[in-house]
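See below for the structure under consideration.
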Amino acid sequence: MKTALITGGAQRIGAEIAKTLHENQFNVIIHYNESEQEAKSLCDKFNKKRQNSAKRIHANLASINEINHLIESVKNIDLLVNNASVFYPTPLENCSLNDWDNIMNINVRAPFILSKGLSNKLKDTQGCIVNIVDIHAERPLKNYAIYNISKTAIKTLTKTLAKELAPDVRACGVSPGSILWPEQKAKLEPHKKQIMLERIALKKQGSPADIAEAVLFLANANYITGEVINIDGGRSLHQ
């Protein structure tokens, strides 16, 4: 039985990744920050299906100390899924250094430290790292300057890890397009959603299951490393 750690694994795409991996004979460690109840509920559900197959660990990924505690809490691991990230608008004219620190620390620094800190344990199992990137790493989204930069950085981190950790650990990425509509400060008005859908070749959103299946594929693809797969319904084709 393999073990996977999914950061931000209690909700949305992270929860679907955890569910898909668990259904495919992975034990799962669900990292969460604020979503304690969701993490508990998910673990309870998984453990009813297969005893002692899921646990949850809290950590604020903006804190180095808490990241290190998370690393120390993981005894063995076959798959690290760096899924947790923050997404909100930062127009160039009024974004702040606090915005920069918040987004870059969670979206880039945390995956880097986790990958480095767990690399020896991953080597022991000939494991894999899968980073959740974004198609906006290639095609920047207006008014999201810092987020765009962070996702470009994690795409480069993926390729860097693939070189640095070879041949013992593989590193790959999944780059989602429109999967779930943004929430809170990034929430879109209906007409903007329609514009986005019109730019997708398949004329529809994807689903979290599409991302989860890609993660599972890469976790089992023993001769793939350094690759980032777009799961975007052809949106990257739009010029």
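Residues in the range 203-216: is at least one in contact with a Gly (Cβ under 7 Å, 6 or more places away or on another chain) and modelled with pLDDT under 95? Yes, the conditions are met somewhere in the range 203-216.
Out of all the residues in the range 11-29, which are within 19 Å of residue 73 (Cα to Cα) and over 12 Å from the mean Cα position of the chain (by Cα)?
26, 27, 28, 29
For (1) of a type outside the set (A, V, I, L, M, F, W, C); (2) touching a residue at least 60 places away in the same chain (Cβ under 8 Å); (3) more than 19 Å from residue 59 (Cβ to Cβ), each residue gets a yes or a no:
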position	(1), (2), (3)
14	yes, yes, no
20	yes, yes, yes
30	no, no, no
34	yes, no, no
37	yes, no, no
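The single condition from (1) within 25 Å of residue 123 (Cβ to Cβ); (2) surrounded by 16 or more Cβ atoms within 10 Å (Cβ to Cβ) that residue 220 fails is (2). Looking at the structure I just gave you, is residue 161 in contact with a Lys or Arg (Cβ under 8 Å, 6 or more places away or on another chain), farther than 15 Å from residue 230 by Cα and either modelled with pLDDT under 95 or buried (at least 19 other Cβ atoms within 10 Å of the Cβ) (or both)? Here the answer is no, as residue 161 does not meet what is asked.
When the test is whether a residue is of a type in the set (A, V, I, L, M, F, W, C) and in contact with a Phe, Trp or Tyr (Cβ under 8 Å, 6 or more places away or on another chain), residue 135 does not pass it.
For the range 86-100, state whether one or more residues are under 19 Å from the mean Cα position of the chain (by Cα) and more than 16 Å from residue 148 (Cβ to Cβ). No, there is no match, as no residue in the range 86-100 is under 19 Å from the mean Cα position of the chain (by Cα) and more than 16 Å from residue 148 (Cβ to Cβ). Among the residues of the range 120-158, those identified as of a type in the set (Ser, Thr, Tyr) and surrounded by fewer than 20 Cβ atoms within 10 Å (Cβ to Cβ) are 125, 152, 156.
The sole residue among 5, 70, 61 that is touching a His at 6+ places or on another chain (Cβ under 9 Å), in a helix (DSSP H, G or I), crowded, with 22+ Cβ neighbours inside 10 Å and at pLDDT 95 or above is 70.
Going by what's in this entry, would residue 108 be described as surrounded by 24 or more Cβ atoms within 10 Å (Cβ to Cβ), under 20 Å from residue 169 (Cα atoms), of a type in the set (A, V, I, L, M) and modelled with pLDDT of 95 or more? Against the criterion (surrounded by 24 or more Cβ atoms within 10 Å (Cβ to Cβ), under 20 Å from residue 169 (Cα atoms), of a type in the set (A, V, I, L, M) and modelled with pLDDT of 95 or more), residue 108 does not qualify. Of the helices (runs of 4 or more DSSP H) lying entirely inside the range 80-165, those containing at least 3 residues that are of a type in the set (Gly, Ala, Ser) and either under 29 Å from residue 28 (Cα atoms) or without any contact (Cβ under 8 Å) to a residue 40 or more places away in the chain (or both) are 110-124, 145-165.
The values are calculated or read from the model by the stated rules, or taken from the named source; none is laboratory data. Being a predicted model, the structure only gives us computed values, none of them experimental. All Cβ positions, glycine included, derive from the backbone under ideal geometry; neighbour counts span all protein chains shown.
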